[in-house]
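Enquirer: Pasting a structure here, questions to come.
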Amino acid sequence: MRWLRRPRAASAPTARPTDGAPDQAALADARERMVAQQIEARGLRDPELLRAFRRVPRDRFVAADFAYGDQALPIEEGQTISQPFIVAYMTDAARPRARADGWRGARALDIGTGSGYQAAILAELGARVTSIERYPELSHAAGVALEAAGFPDVALIVGDGSLGYAENAPYDAIIVAAAAPSVPEPLLEQLNPDEGRLVIPIGTRSHQQLTVVVRRGDEFHSRTREPVVFVPLVGTHGFPS
Ligand code: SAH
């Protein structure tokens with residue numbers, strides 16, 4: 001999950017006091033800088049979105065020392081989590097435009113729970129979040145982090161996200177944090193006909209384009225955005241393992 005257009009060097013690790021515990025004030029400062037320099041300065045201005053990124057403690061979901069750097073980070077099971085800007089960009093692209101309340105009360109499906117950070121951002125925005133992950137260990141760890149960060153209501157599912165999760169459909173927004181060779185049919189079916197939005201990287205295992213699909217009734221409008229690199233979506237409508 002790298003953003004190919006404006007690569008930047010890794011930021012310096014966040015300072016630690018001598019007792020080895022992360023310094024909360026330093027983390028809060030780093031989070032503010034992340035929002036200002038990596039998200040707002042690059043053109044994402046939705047106040048609700050910026051507020052959510054200011055509030056969710058990313059350091060609880062990924063290694064605290066590198067949590068606020070401008071880079072993708074490794075998590076367990078050989079997976080990677082996107083740099084903050086990509087999470088913000090995808091969230092912004094998925095924002096339910098047809099609903100008067102925007103994210104508040106919207107149904108969101110997060111595919112590829114990973115660390116749980118994207119799910120936390122969606123929950124902070126007020127969405128009712130279902131998040132699906134194929135590795136039980138990752139899902140479990142994400143659950144612990146989500147609980148600790150104050151998001152106990154995210155529905156965590158272990159399974160093949162390329163099939164979506166029909167039980168909680170239709171979704172106003174579906175965000176897929178793993179790359180697929182083409183748009184999985186079940187995800188289209190589970191989108192809200194009233195402008196449900198799907199954001200997904202489509203391409204090969206090594207290169208993809210971020211793709212946004214908007215559903216209006218039985219019509220689907222698809223637009224291709226940034227070139228990106230995500231880990232593969234492994235499953236029935238994804239890549240073989
Ligand atoms: N959104 C995450 C990052 C996800 S990384 C975060 O905020 O931390 C992509 C994740 O997709 C990995 O954890 C990987 O295991 C998962 N994944 C890959 N294929 C999947 C599938 N078919 N169903 C569910 N999860 C899948």
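Enquirer: Quick one: which of LEU191, LEU233 is of a type outside the set (Val, Ile, Thr) and within 14 Å of the ligand (Cβ to nearest atom)? It would help to see each step written out before you state the result.
Expert: Working: LEU191 fails: within 14 Å of the ligand (Cβ to nearest atom).
Only one candidate passes the filter, namely LEU233.
Enquirer: Now for a different question. Which ones in segment 38-58 are within 23 Å of ALA21 (Cα to Cα) and more than 15 Å from the chain's Cα centre (by Cα)?
Expert: Selection gives ARG54, ARG55.
Enquirer: In segment 208-226, what residues are more than 18 Å from ALA108 (Cβ to Cβ) and at pLDDT 95 or above?
Expert: Correct list: GLN208, GLN209, ARG216, GLY217, ASP218, GLU219, PHE220, HIS221, SER222, ARG223, THR224.
Enquirer: In segment 150-196, what residues are surrounded by 15 or more Cβ atoms within 10 Å (Cβ to Cβ), polar (S, T, N, Q) and over 19 Å from SER82 (Cβ atoms)?
Expert: ASN168, GLN190, ASN192
Enquirer: Would you tally the residues in segment 196-229 being of a type outside the set (Gly, Ala, Ser) and touching a Lys or Arg at 6+ places or on another chain (Cβ under 6 Å)?
Expert: Adding up the residues that qualify gives 4.
Enquirer: A further question on this structure: Could you please give the count of residues in segment 67-101 that are modelled with pLDDT of 95 or more, more than 13 Å from the ligand (Cβ to nearest atom), out of contact with any strand residue (DSSP E or B) (no Cβ under 8 Å at 6 or more places or on another chain) and small (Gly, Ala, Ser)?
Expert: 1
Enquirer: Note down all Cβ pairs under 7 Å where the first residue falls in segment 190-209 and is of a type in the set (Phe, Trp, Tyr), the second is modelled with pLDDT of 95 or more and not in a loop (DSSP other than H, G, I, E, B), and they're at least six residues apart or on different chains.
Expert: Every condition considered, no pair remains.
Enquirer: Tell me which residues, restricted to segment 39-58, are buried (at least 21 other Cβ atoms within 10 Å of the Cβ) and either within 13 Å of ASP92 (Cβ to Cβ) or among the charged types (D, E, K, R) (or both).
Expert: Within segment 39-58, ILE39, LEU49, ALA52, PHE53, ARG58 meet the criteria.
Enquirer: Please find, within segment 123-138, the residue that is farthest from ASP160 (Cα to Cα) out of those that are more than 10 Å from the ligand (Cβ to nearest atom) and without any contact (Cβ under 8 Å) to a residue 60 or more places away in the chain.
Expert: The selected residue is GLY126.
Enquirer: Turning to a different aspect of this structure: Filter segment 142-172 down to the residues that are among the small types (Gly, Ala, Ser) and within 11 Å of the ligand (Cβ to nearest atom), then identify the one that is nearest to ASN192 (Cα to Cα).
Expert: The residue in question is GLY164.
Enquirer: Kindly check whether there is at least one residue in segment 190-213 that is more than 18 Å from ARG95 (Cα to Cα), more than 17 Å from the chain's Cα centre (by Cα) and part of a helix (DSSP H, G or I).
Expert: Within segment 190-213 (the criterion being more than 18 Å from ARG95 (Cα to Cα), more than 17 Å from the chain's Cα centre (by Cα) and part of a helix (DSSP H, G or I)), the answer is no, since none of the residues qualifies.
Enquirer: Right, next: Given the conditions (1) within 21 Å of GLU77 (Cα to Cα); (2) touching a Leu at 6+ places or on another chain (Cβ under 8 Å), and given that PRO227 satisfies all but one, which numbered condition is not satisfied?
Expert: Failing condition for PRO227: (1).
The values are calculated or read from the model by the stated rules, or taken from the named source; none is laboratory data. Small disclaimer: the values here were computed from a predicted structure and weren't measured. Virtual Cβ from ideal backbone geometry, glycine too; neighbours counted across all protein chains shown.
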